[in-house]
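Data first, discussion second: the structure below is written as structure tokens.
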Amino acid sequence: KATRVVLQHNIRDADELLTVFNESLNIKSKSLAELAISLKSGKRRIIALENLQRLFLKHVGGFNKIKSVTELISVTSDQVFWMVSCTEFGFDYLNKTIKLHENFGYVIALQPLASNTIIELVQRRHQVSGYKLKFEPDTVDLESKRYQSLELEEQQEYLKNEFFNELNKI
């Protein structure tokens, strides 16, 4: 079973980083070195660390926490399989400044999903729920003569297309 460690906000100092790891991993380490020892001596595990870019702060010494985590990953790699996520722009910056890619065996850049793929995923997920999908018009749609002139099925198709167009923009 994989354990998720999600960095919800920018991590300001080593104590805050240690708290996030301790809570996520259900460990009571007093330092990153102690955390490394605990991970190395424990059972084999998978840890997914999300939002690595949140360890970087724009000030002197702003890379220290990232360097500490990459060292933790390196030291524990025999016992822990690490999966780390980072935003595309964050990774590009960190790669140019501290050569982040050198700390990982594989770097996988995910490509944006195609519009049809997003639509298919949402619809497939919704079908599992067992509920019938109904799109609700907003006030602009309700006031639109074009929308009002459509039959009920056509209105739903129109609203569906509008919904997925907006979703794809996001």
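Data for the structure
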item: Solvent accessible area, Å² - residue 74, 1.4 Å probe, full protein context; result: 80 Å²
item: Chymotrypsin sites (Phe, Trp or Tyr not before Pro) within region 73-154, DSSP loop, no more than 11 other Cβ atoms inside 10 Å; result: 106, 131
item: Gyration tensor verdict on region 37-125 (Cα atoms; rounded if a/c is under 1.5, prolate if a/b is larger than b/c, oblate otherwise); result: oblate
item: Pairs beyond 19 Å (Cα-Cα), from 132/169; 30/99; 30/58; 65/99; 30/65; 58/96; result: 132/169; 30/99; 30/58
item: Point-charge dipole on Cβ atoms (K/R +1, D/E -1) for the chain, about Cα centre, debye to 20; result: 980 debye
item: Sparse-neighbourhood loop sites, trypsin sites (Lys or Arg not before Pro) in region 2-95 - DSSP loop, at most 14 other Cβ within 10 angstrom; result: 12, 28, 30, 43, 44, 58
item: Rounded to whole Hz, the Karplus (6.51, -1.76, 1.60) HN-Hα couplings of region 125-135, x for glycine and proline; result: 5, 5, 4, 5, 5, x, 8, 7, 7, 9, 8
item: Cross-link reach list, aspartates and glutamates versus residue 134, counting only Cα pairs under 18 Å and skipping chain neighbours closer than eight places; result: 120, 151, 153, 154, 157, 162, 166
item: At most 16 other Cβ within 10 Å, DSSP loop - chymotrypsin sites (Phe, Trp or Tyr not before Pro), region 1-64; result: 63
item: Nearest-ten-degree value, helix 14-25 long axis tilted from longest Cα axis of the chain; result: 70 degrees
item: Probe 1.4 Å, protein heavy atoms only - accessible area per residue of the chain in square angstrom; result: 74 Å²
item: Given (1) 15.5, 44; (2) 16.9, 55; (3) 22.8, 69, the label whose value is Rg and Dmax of the Cα atoms in Å derived from this model; result: (3)
item: Helix axis angle, 32-41 relative to the chain longest principal axis, alpha carbon, degrees; result: 90 degrees
item: Of all accessible heavy-atom area on the chain, the percent that carbon and sulfur account for (1.4 Å); result: 52 percent
item: Residues whose placed amide H lies under 5 Å from that of residue 5, excluding near-sequence neighbours; result: 48, 49, 50
item: Highest-MSF residue in the chain out of 47, 119, 11 [GNM, Cα springs under 10 Å]; result: 119
item: Per-residue HN-Hα couplings for region 86-102 [Karplus 6.51, -1.76, 1.60; θ = phi - 60°; Hz; x = Gly/Pro]; result: 8, 5, 4, 5, x, 5, 4, 5, 5, 5, 6, 8, 10, 6, 4, 4, 5
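The values are calculated or read from the model by the stated rules, or taken from the named source; none is laboratory data. None of these values were measured; they are calculated from a predicted model. All Cβ positions, even for glycine, are placed from backbone atoms using ideal geometry, and neighbour counts span all protein chains on display. Each accessible area value is taken on the protein alone, full model and side chains, heavy atoms only, with ligands, DNA and RNA left out. Shrake-Rupley method; radii C 1.70, N 1.55, O 1.52, S 1.80 Å.
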